[in-house]
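Single-structure report; data block below.
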Amino acid sequence: MIFKGKDKDDNTFRDKVLLENLYHSIPSAIAITTPSGVVTMINSEFTKLFGYTMEEASGRLLNELVVPDDYMEEATRIDLLSSENMNKVRQTIRKDNKGNRIYISLVARGIFINNELVANLAIYSDISAERKKQLLQEILFNISTAAIKQYDLKEIYPTIVSEINKIWDTNNFFIALYNKDEDKLSLPFFADEKDSFADIPTEKTITGYVIKQNKSVLLKENDLKILEEEGEIDLIGTPCKVWMGVPLRVEGSIIGVMCLQDYNDENKFLMDDVYVLDFIANQVALSIQRRMMLDNLIIARQKAEEAAQSKQLFMSTMSHEIRTPLNEVIGITNLLMQGQPREDQMDFIKTLKFSGNHLLTLVNDVLDYNKMESGKIVFEQTQFNLSDFLEEIMRSYSFRSKAKNLSFDLNKDQFLPVEVIGDPIRLNQILSNLLSNALKFTNQGGIHVVVRELSRNGNQAKVEFTVTDTGIGIPKEMHTAIFDGFTQASADTTRQYGGTGLGLAICKKLIELQGGTIFIESEPGKGSSFRFAITLGVSEKSSLGQKAEIPENFTGLEGKRILIAEDNKINFFVANKFLTGWGVKVTHAENGQLALEKVRSENFDLILMDLQMPVMDGIEASRIIRESNDPMIKSIPIVALTAAIMSENHDKIESLHINDYVLKPFKPHDLFERILKHVR
């Protein structure tokens, strides 16, 4: 502000009066100082804002009156710029006569006469309300961000304190958590200048009062005394001047209280501050709720995993324990059939074998369904002769159909590949379930099977299988339900025809897991037709028109030395009977450790390795063999002979380079074929 020298004496009085009128009419706090910063004049708004009267401020340095210590350097720079005739406008913080900080907008400039600095002018506007709104937005954003990134209240507590400290002093700030069952308060996040608490009863505390009232409160010293006199609270610890608390609510229930207090100034907090703290408490409660939800999910997941592991262990154990005696029964039955029994004995043996195989089918259904539900199915990719595979099914079911006076025929497409690559065990399981159902539910007429190639793309052939019967049929409304586990077409189906209701569910899953779909056409009294297609690999032998070599009369193993690692004496007895009958020289080891000792001291052409044995199982024994430094030991062919479902151990044995697998109870033909394929 610059005055011209001309007519200065005439206008001095007028300018002074005008300046004073303007000075006191402006709705902003104004202070005029000497060039050195000593107060010469303040207006009434200055007194309202900072609390100093003219008498208190006059003759004192302005910066000492209103500038906090940590802003003194900034104020000095502003004074320097003003003395150089430069206006300075900025938002900053100043303090009142009680030390309370005030957000202000400051305009500072020098007053010059004839280019000489004669005074400094400072204009202050209180922007605390605007700044508090802005700060609140920042605080809520920062706490919300922390709550999203961190699920644990311990991790976001430092952020809460740091953000709240932007508005209030947090030297007396705490979060109390409420245990409703025990009616106790815990104080894991506690800061207080005078007192220290850990766990306290809820009753008669100020925090308990907030929980009881279920609302936010602002209590001054007199309010606290009244509540104490009324018996609502019992004051403990150092008395405070003002206490502010807001509930932490999760899903409508109070889980704690967030509190601020002050020991010196009862006007430290206003109701507006209560609303702000309530907003912040909502964000904190949200983080606690997320933490609780996450903890519940973790606990639920752990329980589910433990249940799944227990179920898997149980089913694996059941698989081994049930299949082992079944292997003994079916194995000995096969031995009896090869012993040229009398005709009347043969009928009994066939009945025994059928019952054993039927029981094995039921066991396989239950175990396989459980395995597919847990995602443990692994499909083998082995080469097999599709034509012979179908002929074997034809022979098996033609005998059973003749027993019921039913016709049974198989129609094969002439363009079907001969040698294919896929999982013959799973394909047999699908067709066996469909054919067993057809046979079970058909009392007159017959069963018709059609197999045809739909398409071929390079070395991949899409093959369709259709099984049609003239049985009782299935109502249309049950066409979807019958593919659900443990579901039959009617309530009395199991009682009349037997079965578990798992066959079609397993078929559907096995087909879908191989990328196919199963379709049904059926009406009550008109029979049923099931159709599905899967993709099989086509081997080079098929393209050359060669047929797989199938051993006949079990010749070709004479003189071979085979080690059988098997802990079950009857299982060894059965396998040994077949192998010695084929001319094999057999050595027995009752566990994996003994098998290793035999391998190191003798030469063998192949090992039949049971995977589940005491002392050392077959998986560990196979691993040690494959890691041997002796090339003769390392390269010994190993065929796993196991009563467990192979895919249950797939992850464990995938890297062991086991040459092949025979699932107990085994078919003599399958055992012979796999040994002949891999024997040295």
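Observations, loosely collected:
- Checked against (1) modelled with pLDDT under 80; (2) more than 30 Å from Glu221 (Cα to Cα), Leu336 passes all but condition (1).
This table checks each residue for (1) surrounded by 19 or more Cβ atoms within 10 Å (Cβ to Cβ); (2) modelled with pLDDT under 85; (3) within 18 Å of Thr468 (Cβ to Cβ).
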site: Gly485; (1), (2), (3): no, yes, no
site: Ala489; (1), (2), (3): yes, yes, yes
site: Ile511; (1), (2), (3): yes, no, yes
site: Gly515; (1), (2), (3): no, no, no
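- When Ile562 is tested against (1) closer than 15 Å to Ala621 by Cβ; (2) buried (at least 21 other Cβ atoms within 10 Å of the Cβ); (3) in contact with a strand residue (DSSP E or B) (Cβ under 6 Å, 6 or more places away or on another chain); (4) not aromatic (Phe, Trp, Tyr), just one condition goes unmet, and that condition is (1).
- Of all the listed residues (Glu627, Glu590), the sole one being surrounded by 18 or more Cβ atoms within 10 Å (Cβ to Cβ) and at pLDDT below 95 is Glu590.
- Any hit, the stretch 249-272, residues being in a helix (DSSP H, G or I), modelled with pLDDT under 85 and among the small types (Gly, Ala, Ser): no
- Beta carbons closer than 7 Å, at least 6 apart along the sequence or on distinct chains, pair a first residue in the stretch 36-55 that is more than 24 Å from Leu81 (Cα to Cα) with a second that is of a type in the set (Phe, Trp, Tyr) and not in a helix (DSSP H, G or I) for Leu49/Tyr124.
- Leu81 vs. criteria in the same structural domain as Leu270 (by TED's automatic domain parsing) and in contact (Cβ under 8 Å) with a residue 12 or more places away in the chain: no
- Scope the stretch 380-435; condition of a type in the set (A, V, I, L, M) and part of a loop (DSSP other than H, G, I, E, B); matching residues: Leu406, Leu416, Val418
- Here the condition is being in contact with a Ser or Thr (Cβ under 6 Å, 6 or more places away or on another chain) and modelled with pLDDT under 90; of Gly501, Gly445, Gly458, it holds for Gly501 alone.
- Checklist (1) part of a helix (DSSP H, G or I); (2) touching a residue at least 12 places away in the same chain (Cβ under 8 Å); (3) of a type outside the set (Ser, Thr, Tyr) applied to Ala122, failing item: (1)
- Filter result (modelled with pLDDT of 85 or more and not assigned by TED's automatic domain parsing to the domain that holds Glu453) within the stretch 365-410: none
- Condition check for Tyr103: assigned to a strand (DSSP E or B) and either modelled with pLDDT under 90 or closer than 30 Å to Val284 by Cα (or both): yes
- Residue list for the stretch 305-324, filter: at pLDDT below 70, out of contact with any helix residue (DSSP H, G or I) (no Cβ under 9 Å at 6 or more places or on another chain) and of a type in the set (Ser, Thr, Tyr): Thr317
- Residues satisfying the stated conditions in the stretch 93-121, i.e. under 23 Å from Asn267 (Cα atoms) and not charged (D, E, K, R): Ile93, Asn97, Gly99, Asn100, Ile102, Tyr103, Ile104
- Subset of the stretch 152-191 [under 30 Å from Ala129 (Cβ atoms), assigned to a loop (DSSP other than H, G, I, E, B) and free of Cβ contacts under 8 Å to residues at least 40 places away in the same chain]: Asn165, Lys166, Asn171
- Test: residue in the stretch 354-364 that is outside the structural domain of Gly581 (by TED's automatic domain parsing), in contact with a Ser or Thr (Cβ under 9 Å, 6 or more places away or on another chain), in a loop (DSSP other than H, G, I, E, B) and modelled with pLDDT of 70 or more: no
The values are calculated or read from the model by the stated rules, or taken from the named source; none is laboratory data. The structure displayed is predicted, hence computed values, not measured ones. All Cβ positions, glycine included, derive from the backbone under ideal geometry; neighbour counts span all protein chains shown.
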